[in-house]
Amino acid sequence: MIFFNNTGILNSHKPDESNPSHLRCVRCLNPFRWLEVNNDGQVTPCCNTWFKGHLGSIRDQSLEEIWNGPPFRALRKAMYEGGEWEKFCNKETCPQIINDIWVPIDQISPETHDLLPITQPLLDHIRAGKTEMSIGPVQIGLSCDPRCNLRCIMCFATHNPNRDGTLIRKALHGMESFLPGVKRIKMLGDGEVFAIPETRDFLLSFDSKSYPETSFLIHTNGILLTPGMWKKLSHLKIDTLVISIDAATKETYEKIRIGGKWEILMQNMEFLLARYREGLIREFLISMTVMKANHREIRAFAEMGKRLGVTLAFFSPIYGDWAREQIFDRRDIPCLKRISEQLRHPIMKESFIDTSAMSMWRDFTPSLADYKIIARCALRGIKNRLSF
């Protein structure tokens, strides 16, 4: 998921520490405000694909212990100017780094436009140079249950054995102590929030009167978010709705998202977009994970987003070794050339499009290094076949 500020308030270049008048900056705000529970209970300060490793696991620690534990404090120290953030951040996948964004901490305020909450206590801690937080996270993400109503061809969740609900129950329980200060709860990313009994019941029974400042970022495939389900969620404050679609046509969609029905998705989308236009959803996002099966539909997906009137349509490359679908790590040159051509189309420059995670492929021209990667992949494939 791509959530970072590109409004121009943030610096788009590394601060000049030799200049006495330069603005004080941090590399990223997220380690001071975001706690994400991922596969196997591992905790990160942001999307797990943007981060190297993890900072602890709810299998053997509480969320409170992890939040101010030594790994989290070391990470926060690394975010300050001169810190060794490279040890923690994945520069190949994090849009904050790809776009070289730094945060001028003396210029921002809780009113600064950002896709994650900013609070005054949070800013006070950062301006004081603290690494131990006396406040909890303002955003908590729960992505630690693989159960789903679909079987997507590029999803690790289908191979995840943790299907008894133990981790999501522990995460939901661990989140309770933070709730008074949580501004947004993100659910889910792996697995389908409305197919998992524990997360569905949590949403349906959430006490919005006790926590009026808590909103939700709901990441769903959209199939189970019917008008009837929406009615049951009317007590919630929906900040952001993200629907993973990964296609612009029925044929491609049903090839990738096995078990999904294009007509049902479009009916639900039409209903939800009407709620968005009424102001009941602050931001409406659609996403495409680009792979071999759908790479010809990048432009069509952007055009669909414009036609639907979404807040944002965003694109990210497929991650992981998915054999035929992995066209980036394996350097499938014909596919990459088609991707590059589409990314340069004028529609991709419009404000509702986010291709920041794809920026390295916008002007792709194969080099000797790419052909060496292709050769290594081919050799590895031969060795694997000979080993059987």
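The values are calculated or read from the model by the stated rules, or taken from the named source; none is laboratory data. The structure displayed is predicted, hence computed values, not measured ones. We place every Cβ from the backbone using ideal geometry, glycine too, and count neighbours over all the protein chains shown. Heads up: the accessible areas ignore ligands, DNA and RNA and are worked out on the full protein's heavy atoms, side chains in. Shrake-Rupley method; radii C 1.70, N 1.55, O 1.52, S 1.80 Å.
Worth pointing out:
- Any chance Gln107 is among the polar types (S, T, N, Q) and either open to solvent by less than 20 Å² (accessible area, probe 1.4 Å) or not in a loop (DSSP other than H, G, I, E, B) (or both): no
- For segment 311-355, filtered to residues that are of a type in the set (A, V, I, L, M, F, W, C), part of a loop (DSSP other than H, G, I, E, B) and open to solvent by 10 Å² or more (accessible area, probe 1.4 Å), the residue that is modelled with the highest pLDDT is Phe352.
- Residues within segment 110-123 that are outside any loop (DSSP other than H, G, I, E, B) and within 14 Å of Val182 (Cβ to Cβ), tallied: 2
- Exclusive hit being within 25 Å of Gly41 (Cα to Cα), within 21 Å of the chain's Cα centre (by Cα) and at pLDDT below 95, set Leu241, Leu188, Leu179: Leu188
A quick yes/no check of all residues on (1) open to solvent by less than 10 Å² (accessible area, probe 1.4 Å); (2) under 23 Å from Met187 (Cβ atoms); (3) modelled with pLDDT of 90 or more:
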position	(1), (2), (3)
Arg24	no, no, no
Leu35	yes, yes, yes
Asn39	no, yes, no
Gln42	no, yes, yes
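- Close contacts from segment 363-388, counting a first residue that is of a type in the set (A, V, I, L, M, F, W, C) and a second that is at pLDDT 85 or above and open to solvent by less than 80 Å² (accessible area, probe 1.4 Å), with Cβ to Cβ under 8 Å and a gap of 6+ residues or different chains, come to Phe364/Leu336; Phe364/Ile339; Phe364/Ser340; Ile373/Arg331; Ile374/Arg331; Ile374/Ile333; Cys377/Arg331.
- Residue match in segment 197-214 (condition: within 27 Å of Ser316 (Cβ to Cβ), touching a residue at least 12 places away in the same chain (Cβ under 8 Å) and either open to solvent by 60 Å² or more (accessible area, probe 1.4 Å) or part of a strand (DSSP E or B) (or both)): no
- Odd one out for Gly141, checked against (1) open to solvent by 10 Å² or more (accessible area, probe 1.4 Å); (2) not in a helix (DSSP H, G or I): (1)
- Per the conditions (1) among the polar types (S, T, N, Q); (2) assigned to a helix (DSSP H, G or I); (3) modelled with pLDDT of 95 or more, the sole criterion not satisfied by Thr289 is (2).
- Against the test of being of a type in the set (D, E, K, R), farther than 13 Å from Asn30 by Cβ and open to solvent by less than 60 Å² (accessible area, probe 1.4 Å), the options Glu64, Glu86, Glu81 yield a single qualifying residue, Glu81.
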